[in-house]
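Contents: one structure, followed by commentary.
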Amino acid sequence: GAGVSQSPSNKVTEKGKDVELRCDPISGHTALYWYRQSLGQGLEFLIYFQGNSAPDKSGLPSDRFSAERTGGSVSTLTIQRTQQEDSAVYLCASSLLGGGAVDEQFFGPGTRLTVL
Amino acid sequence: AQKITQTQPGMFVQEKEAVTLDCTYDTSDQSYGLFWYKQPSSGEMIFLIYQGSYDEQNATEGRYSLNFQKARKSANLVISASQLGDSAMYFCAMTASGTYKYIFGTGTRLKVLA
């Protein structure tokens, strides 16, 4: 596709369940980012992938959060044993260069997660 | 540590008028980039404009211009001839050369009045 896509667009789950959020970056983009946006807040950095390098997980809020990127393309963000405070919009972005070059990030439409 | 401050949680502007959204930043880096993104109610983040710290001229993109005042560490977004479709949240962000993380402000919600 032409842009970054994310699925599902909305996810409602019960507290304690695991969820998986998917991101398809723009073809050819080497860098992929996950952010979390809580209601009325700016974006909070979660994790960054660049090519085949080890990801920067410094923004993950707890060990219940993990992410992987297969084949340098699709990424999955997994939240285990979800809590109500995990409710937020999870945004994925990709960029062409990453790795310290100041380049534009292209964002997907986000996944709205609601934990009941 | 880097920080972005947007002091206007909400703004109103009359259609066809210009509006300025404020953004100040704090960084000790010499090389950095400043970005503005628009987030309509659909939720998607739309890139508007970029200013590099070494760019001597203010960036412009159509009706958007960035009023970059390096000494004051401000990067205000100016929208000329506002349109109803400009109603959205606007985020200022920065990243330093050598890093890849965006630091976002808390945003300004703009409402354009007919």
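The values are calculated or read from the model by the stated rules, or taken from the named source; none is laboratory data. This is a predicted model, so every value here is computed, not measured. Cβ: placed from backbone, ideal geometry, glycine included. Neighbour counts: every protein chain shown.
Being away from chain B (no Cβ under 14 Å), small (Gly, Ala, Ser), surrounded by fewer than 16 Cβ atoms within 10 Å (Cβ to Cβ) and in contact with a Gly (Cβ under 9 Å, 6 or more places away or on another chain) holds for only one residue in A:Ser53, A:Ser27, and it is A:Ser27. Restricting to the range B:90-114, name every residue that is of a type in the set (D, E, K, R) and within 7 Å of chain A (Cβ to nearest Cβ). If the condition is that a residue be of a type in the set (D, E, K, R) and within 7 Å of chain A (Cβ to nearest Cβ), then B:Lys101 is the only one that fits. Condition first: touching a strand residue (DSSP E or B) at 6+ places or on another chain (Cβ under 6 Å) and exposed (fewer than 13 other Cβ atoms within 10 Å of the Cβ). Can you find one or more residues in the range A:90-103 that meet it? Scanning the range A:90-103, I find no residue that is touching a strand residue (DSSP E or B) at 6+ places or on another chain (Cβ under 6 Å) and exposed (fewer than 13 other Cβ atoms within 10 Å of the Cβ), so the answer is no. Contact annotation: residue pairs with Cβ atoms under 6 Å, 6 or more positions apart or on different chains, pairing a residue in the range B:1-21 that is farther than 26 Å from B:Lys70 by Cβ with a partner that is polar (S, T, N, Q) and assigned to a loop (DSSP other than H, G, I, E, B), are B:Val13/B:Ser82; B:Glu15/B:Ser82; B:Glu17/B:Ser82.
Looking at B:Ile79, B:Ile103, just one residue is touching a residue at least 24 places away in the same chain (Cβ under 8 Å), β-branched (Val, Ile, Thr) and within 18 Å of A:Glu104 (Cβ to Cβ), and that residue is B:Ile103. Would you check which residues across the range B:12-28 are surrounded by 14 or more Cβ atoms within 10 Å (Cβ to Cβ) and at pLDDT below 95 and list them? Scanning the range B:12-28 gives a single hit, B:Thr27. Of everything in the range B:67-84, what is in contact with a strand residue (DSSP E or B) (Cβ under 7 Å, 6 or more places away or on another chain) and more than 14 Å from every other protein chain (Cβ to nearest Cβ)? Give them in sequence order. B:Asn67, B:Phe68, B:Lys73, B:Ser74, B:Asn76, B:Leu77, B:Val78, B:Ile79, B:Ser82, B:Gln83, B:Leu84, listed by residue number.
The rows are residues; the columns are (1) surrounded by fewer than 19 Cβ atoms within 10 Å (Cβ to Cβ); (2) closer than 28 Å to B:Gln14 by Cβ; (3) aromatic (Phe, Trp, Tyr); (4) at pLDDT 90 or above.
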position: B:Tyr37; (1), (2), (3), (4): no, yes, yes, yes
position: B:Ile46; (1), (2), (3), (4): yes, yes, no, yes
position: B:Arg72; (1), (2), (3), (4): yes, yes, no, yes
position: B:Gln83; (1), (2), (3), (4): yes, yes, no, yes
position: B:Cys92; (1), (2), (3), (4): no, yes, no, yes
position: B:Ala96; (1), (2), (3), (4): no, no, no, no
position: B:Tyr100; (1), (2), (3), (4): no, no, yes, no
position: B:Thr108; (1), (2), (3), (4): no, yes, no, yes
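A:Arg112 passes every criterion in (1) more than 8 Å from chain B (Cβ to nearest Cβ); (2) out of contact with any Leu (no Cβ under 7 Å at 6 or more places or on another chain); (3) among the basic types (Lys, Arg) apart from (1).
For the range B:5-47, a residue qualifies if it is within 9 Å of another protein chain (Cβ to nearest Cβ), under 24 Å from B:Leu113 (Cβ atoms) and not in a loop (DSSP other than H, G, I, E, B), and the qualifying residues are B:Tyr37, B:Gln39, B:Ile46. Do we find that A:Leu77 is surrounded by 21 or more Cβ atoms within 10 Å (Cβ to Cβ), more than 28 Å from B:Leu110 (Cβ to Cβ) and touching a Ser or Thr at 6+ places or on another chain (Cβ under 9 Å) in this structure? So A:Leu77 fits the description; yes.
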